[in-house]
């Protein structure tokens with residue numbers, strides 16, 4: 001009986017840990033009140049999700065850097081999720097409108113998604129692969145950190161081409177004559 005309980009406990013723990021690697025599905029409202037799901041954000045390329053609040057100075061410091069990443073990588077989707085309470089949401093919306101950033105702005109006023117991800121103090125950033133797996137997470141922001149974000153994003157959108165070992169390359173020269181589209185000169 002003890003073995004069964006231990007086995008069940010171990011299975012539950014393993015499922016919990018493996019599920020933690022994936023961003024939980026969500027539906028949050030955008031600036032216009034439309035619901036946006038995680039599924040609608042995935043598939044194009046990596047997704048950078050940043051939880052922020054209007055009162056958070058480091059959050060506002062991060063935004064221009066995150067916007068630069070959004071402009072640099074065509075396949076990157078940057079999502080800013082405000083955890084501002086409903087009464088301060090309008091101030092957050094006005095702030096975003098005044099900046100004209102190139103990212104998706106969503107609102108989690110009851111912090112339901114933030115709680116699932118153990119987001120306490122903003123900013124808290126997550127980088128997801130195109131399938132929704134969390135590949136990087138960071139709390140806080142200071143200039144220079146965007147280089148770390150860039151490294152993770154670049155690894156997904158422009159993986160380095162590895163050199164082919166010379167013993168795998170076979171050059172054949174069957175016809176030493178110069179070739180044109182019409183054949184031999």
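Some values worked out for this structure:
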read-out: Matching entry among 133, 44 (being loosely packed, with under 13 Cβ neighbours inside 10 Å, under 24 Å from residue 24 (Cβ atoms) and modelled with pLDDT of 95 or more); value: 133
read-out: Unmet requirement for residue 28, which otherwise passes all of (1) at pLDDT below 90; (2) more than 16 Å from residue 126 (Cα to Cα); (3) surrounded by 12 or more Cβ atoms within 10 Å (Cβ to Cβ); value: (1)
read-out: Test: residue 58 is under 15 Å from residue 138 (Cα atoms) and surrounded by fewer than 22 Cβ atoms within 10 Å (Cβ to Cβ); value: yes
read-out: Subset tally (residues that are touching a helix residue (DSSP H, G or I) at 6+ places or on another chain (Cβ under 7 Å) and more than 24 Å from residue 86 (Cβ to Cβ)) for the stretch 97-141; value: 8
read-out: Flag if residue 145 is over 11 Å from the mean Cα position of the chain (by Cα), closer than 14 Å to residue 50 by Cβ and at pLDDT 95 or above; value: no
read-out: Residues satisfying the stated conditions in the stretch 91-108, i.e. modelled with pLDDT of 95 or more and either part of a loop (DSSP other than H, G, I, E, B) or on the phi > 0 side of the Ramachandran plot (or both); value: 108
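The values are calculated or read from the model by the stated rules, or taken from the named source; none is laboratory data. Nothing here was measured: the structure is a model prediction, and the numbers come from that model. Glycine also receives a Cβ, built like all others from the backbone with ideal geometry; neighbour counts cover every protein chain displayed.
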